[in-house]
Amino acid sequence: MKLLITGGAGFIGSSLCEKYVKEGHTVICMDNFLSGSLTNIKHLLDFQNFKLVKGDIRNSDLLDRVVKDVDFIFNLAAQIHVDRSYVEPKLTFDINIMGTQNVLEMARLYDVKKIIHASSSEVYGSAMNVPIDENHPLNAPHPYGASKIAADRLCYAYAKTYGLNVVIPRMFNVYGPRQKSVGYGGVISIFTRRILSNFPPIVYGDGLQTRDYTHIDDVVRAYDLLFKYNKKLPEPINFGSGKEISILDLANLIIELSGKKGSLKPVNVSPRIGEVDRLIANAGKANEILEWTPKIGIKEGLNTFIQQYKYFGSEERITL
């Protein structure tokens, strides 16, 4: 099968590229390298069934050429960072809304068999009731979340209006190898980099805000189950552990697992604008339909990640 993975040089996208190249599918990785990294996919460049296309999903002409012969699309291309959306809202809206619309339209024109569009738990905003199921109100308090709501609903509209086979996974917080630890990176990677460098982790606000973390290996397995699912699934579907941890407890756990307990402690600074207070997933639908539950607990996953980070850094891992 011929697969297009947009955002394929990113954290999750590169893991999917690696999986499907290994399985013998023809994989087209499309990325504008705004947040993706060539390091993530350089080991795939010599494979005959892998093709890298440097480009942006906002480029309709390029998409037209790429999508023409594709069977399946994983749409992970996005401006993915909440913090960046505060300072670059227009860029966030352009990529996440108009770029997604371009992908959907090309998929419609060329009758692509299925699209998996990466939505986000950030569409919910802070939990009004817990755990958060797919019927929770969409109350994102920041430009990133607003853009993901719009893209999420565009996918639903294309499914209902045109019969396009679109799947809308809403992943809660994902962590693991290849997650950036600089700039607009993931908090686990940033904490790990600072702690292993003997700097204290920086916690915004009181640190009591909670998140629901899922390891990248469980997330790749979730995407693969959606890839292989042979019925239409136009309604959004949550993927998360169903367990929450405060940012403060997370920082302290990484300190402990890194062997720095007693020498480092978190430093609290002013809260961030639009910070979501609480996220915890109800992934019952994923379990019922796909028999998916995460296999890697937070302590096991963090310990593995920390050991990997010590030897390879955040954007390297043992590969094919």
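The values are calculated or read from the model by the stated rules, or taken from the named source; none is laboratory data. Because the structure is a prediction, the values reported are computed rather than measured. Ideal geometry is used to build each Cβ from the backbone, glycine not excepted, and the neighbour counts take in all protein chains shown.
The table below lists the values:
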{"quantity": "Residues of the stretch 124-163 satisfying the condition of being more than 17 Å from residue 210 (Cβ to Cβ), of a type in the set (Val, Ile, Thr) and in contact with a helix residue (DSSP H, G or I) (Cβ under 7 Å, 6 or more places away or on another chain)", "calculated": "149"}
{"quantity": "For residue 219: the one exception among (1) surrounded by fewer than 21 Cβ atoms within 10 Å (Cβ to Cβ); (2) over 15 Å from residue 302 (Cβ atoms); (3) at pLDDT 95 or above", "calculated": "(1)"}
{"quantity": "Odd one out for residue 212 among (1) acidic (Asp, Glu); (2) in contact with a Gly (Cβ under 9 Å, 6 or more places away or on another chain); (3) surrounded by fewer than 15 Cβ atoms within 10 Å (Cβ to Cβ)", "calculated": "(3)"}
{"quantity": "Contacts under 6 angstrom Cβ, first residue in the stretch 97-123 being within 21 Å of residue 69 (Cβ to Cβ), partner at pLDDT below 95, 6 or more apart", "calculated": "110/68"}
{"quantity": "Number of the exception - residue 180 against (1) closer than 30 Å to residue 158 by Cα; (2) touching a helix residue (DSSP H, G or I) at 6+ places or on another chain (Cβ under 8 Å)", "calculated": "(1)"}
{"quantity": "Residue in the stretch 36-49 that is of a type in the set (Val, Ile, Thr), farther than 20 Å from residue 168 by Cβ, modelled with pLDDT of 95 or more and more than 21 Å from the chain's Cα centre (by Cα) present", "calculated": "no"}
{"quantity": "Residue match in the stretch 238-255 (condition: outside the structural domain of residue 169 (by TED's automatic domain parsing), in contact with a helix residue (DSSP H, G or I) (Cβ under 7 Å, 6 or more places away or on another chain) and surrounded by fewer than 15 Cβ atoms within 10 Å (Cβ to Cβ))", "calculated": "no"}
{"quantity": "Boolean, residue 133 is charged (D, E, K, R) and closer than 14 Å to residue 276 by Cβ", "calculated": "no"}
{"quantity": "Meets criteria (touching a Gly at 6+ places or on another chain (Cβ under 6 Å), within 14 Å of residue 223 (Cα to Cα) and either crowded, with 22+ Cβ neighbours inside 10 Å or not basic (Lys, Arg) (or both)) for residue 17", "calculated": "yes"}
{"quantity": "Cβ-Cβ under 8 Å pairs, at least 6 apart or on other chains, the stretch 275-287 side under 20 Å from residue 208 (Cα atoms), far side modelled with pLDDT under 95 and β-branched (Val, Ile, Thr)", "calculated": "278/130; 280/130"}
{"quantity": "Any hit, the stretch 27-44, residues being closer than 25 Å to residue 228 by Cβ, of a type in the set (S, T, N, Q) and buried (at least 18 other Cβ atoms within 10 Å of the Cβ)", "calculated": "yes"}
{"quantity": "So residue 320, is it in a helix (DSSP H, G or I) and either of a type in the set (A, V, I, L, M) or at pLDDT 95 or above (or both)", "calculated": "no"}
{"quantity": "Helices (runs of 4 or more DSSP H) completely within the stretch 205-309 that count 2 or more residues being over 22 Å from the mean Cα position of the chain (by Cα) and charged (D, E, K, R)", "calculated": "247-257"}
{"quantity": "Residue check, residue 217 in the same structural domain as residue 19 (by TED's automatic domain parsing) and among the charged types (D, E, K, R)", "calculated": "yes"}
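Every residue, every condition in (1) surrounded by fewer than 23 Cβ atoms within 10 Å (Cβ to Cβ); (2) in the same structural domain as residue 277 (by TED's automatic domain parsing), yes or no:
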position: 154; (1), (2): yes, no
position: 158; (1), (2): no, no
position: 165; (1), (2): yes, no
position: 169; (1), (2): yes, no
position: 180; (1), (2): yes, yes
position: 188; (1), (2): no, yes
position: 200; (1), (2): yes, yes
